[in-house]
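First comes the structure, then the notes that go with it.
The values are calculated or read from the model by the stated rules, or taken from the named source; none is laboratory data. On a predicted model such as this, the values are computed, not experimentally measured, just so you know. Glycine gets a Cβ as well: all are built from the backbone with ideal geometry, and neighbour counts include every protein chain shown.
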Amino acid sequence: MNTAIITNIQGFSIHDGPGIRTVVFFKGCPLSCQWCANPECLSKKPEIGFVHSLCRQCGKCLDVCPNNAIRSGEGVYRIERSRCDSCGKCAEGCDYGALVRYGDLMTVDEVWDAVRRDKMFYETSNGGVTVSGGEPLLYAQFVKELFELCHSERIGTCVETCGFVDTDTFLEVIPVTDQFLFDLKHMDSITHKKYTGQFNDQILKNASVIIKSGVDVLFRQPLIPGVNDTMTNIEATAAFLKTLGKNVLSLELMPYHRMGQDKYEALNMEYRMEKTHIMSYDELEAIKKAYIDLGINCSISR
Ligand code: SF4
Ligand code: SF4
């Protein structure tokens, strides 16, 4: 039985595919986008987050840690990360939710048991199961097995992907996937590498391959002020979509937000987008109009 590291299974989502969805978040991503709202999904390994504002300094975690990795002093508790193996015992013991373990090893059957509980909501809303992350296609065999089970009970399936995996991986999951939500972050490969850690060539190649397969694809763009909101990038994105064919003239913009920022602090990671501007309604509408003027059916995810 295939296993994967899962950070969360979230029910009742309406932003990750059609209808009401249950979203399964996989841990690990081949990109490292500076604006990522799920930093707990970047590394493939389980991790411990420490939300300092919730700590009541009860000292319980000091007693349960088998590796002596929790330190206290001057009224502050902290994790000495070089000693921590993310066993999660401190998180189980903390009564205040200050310690969080990100990442549990789960089998396909365990995830299937969790997602099928929401089946009645999928039926009434034309919804289903979405795999996200991180990059779910790092666990392609797992996704394939899970989606086969979904289809055996007529549950819809959707993959949210950054596109940066082998083309063969896409070919493996296309037959069991109803829709792909495919990110186009930046058209200039060097800028793409600067902000995500990887060039975009493989992503653009995969976009073309899955379109040719005939599967339903919705292209999306995280809209990051100062990174990909220039007219040059808007024109290049529109031109790329046009190369894919007449049926691929839609784009959903996902405006930049800071909702993941607290998790960076909890994981002791640097948040590099602190000064990034949050776009106003009018600014978002202006970008949308620019795409529409270029012949792209553009919408904004709110
Ligand atoms: S158990 Fe929780 S509340 Fe108590 S000291 Fe540790 S982190 Fe703080
Ligand atoms: S996860 Fe385990 S090793 Fe790490 S601080 Fe908590 S109890 Fe200690």
Let me spell it out: the conditions are (1) more than 7 Å from ligand 1 (Cβ to nearest atom); (2) touching a Lys or Arg at 6+ places or on another chain (Cβ under 6 Å); (3) at pLDDT 95 or above, and residue 78 meets all of them except one. Which number is the exception? (3)
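Yes/no matrix, rows are residues, columns are (1) of a type in the set (Lys, Arg); (2) crowded, with 20+ Cβ neighbours inside 10 Å; (3) in contact with a helix residue (DSSP H, G or I) (Cβ under 9 Å, 6 or more places away or on another chain):
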site: 38; (1), (2), (3): no, no, yes
site: 47; (1), (2), (3): no, yes, yes
site: 53; (1), (2), (3): no, no, yes
site: 57; (1), (2), (3): no, no, no
site: 68; (1), (2), (3): no, no, yes
site: 74; (1), (2), (3): no, no, no
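Matching residues to (1) modelled with pLDDT of 95 or more; (2) farther than 24 Å from residue 139 by Cα:
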{"residue": "13", "(1), (2)": "no, no"}
{"residue": "18", "(1), (2)": "no, no"}
{"residue": "21", "(1), (2)": "yes, no"}
{"residue": "34", "(1), (2)": "yes, no"}
{"residue": "69", "(1), (2)": "yes, yes"}
{"residue": "111", "(1), (2)": "yes, no"}
{"residue": "118", "(1), (2)": "no, no"}
{"residue": "121", "(1), (2)": "no, yes"}
Just the residues that are more than 26 Å from residue 23 (Cα to Cα) and in contact (Cβ under 8 Å) with a residue 12 or more places away in the chain, please, taken from the range 201-230. 201, 205, 225, 226, 227, 228, 229
A careful count of residues in the range 239-251 that are buried (at least 17 other Cβ atoms within 10 Å of the Cβ) and either under 23 Å from residue 15 (Cα atoms) or free of Cβ contacts under 8 Å to residues at least 40 places away in the same chain (or both) gives 5
Tell me whether the range 125-141 contains one or more residues that are without any contact (Cβ under 8 Å) to a residue 60 or more places away in the chain and more than 16 Å from ligand 1 (Cβ to nearest atom). yes
Hits in the range 81-118 (condition: within 11 Å of ligand 1 (Cβ to nearest atom) and among the aliphatic types (A, V, I, L, M)): 91, 98, 99, 100
Out of (1) part of a strand (DSSP E or B); (2) within 16 Å of ligand 1 (Cβ to nearest atom), the one residue 12 does not meet is (2)
Which number in (1) in contact with a helix residue (DSSP H, G or I) (Cβ under 9 Å, 6 or more places away or on another chain); (2) more than 18 Å from residue 25 (Cα to Cα) marks the one condition that residue 197 misses? (1)
Would you mind finding the one in 78, 83 that is under 21 Å from residue 44 (Cα atoms) and free of Cβ contacts under 8 Å to residues at least 40 places away in the same chain? 83
Within the range 115-130, can you find the residues that are of a type in the set (A, V, I, L, M) and surrounded by fewer than 16 Cβ atoms within 10 Å (Cβ to Cβ)? 120
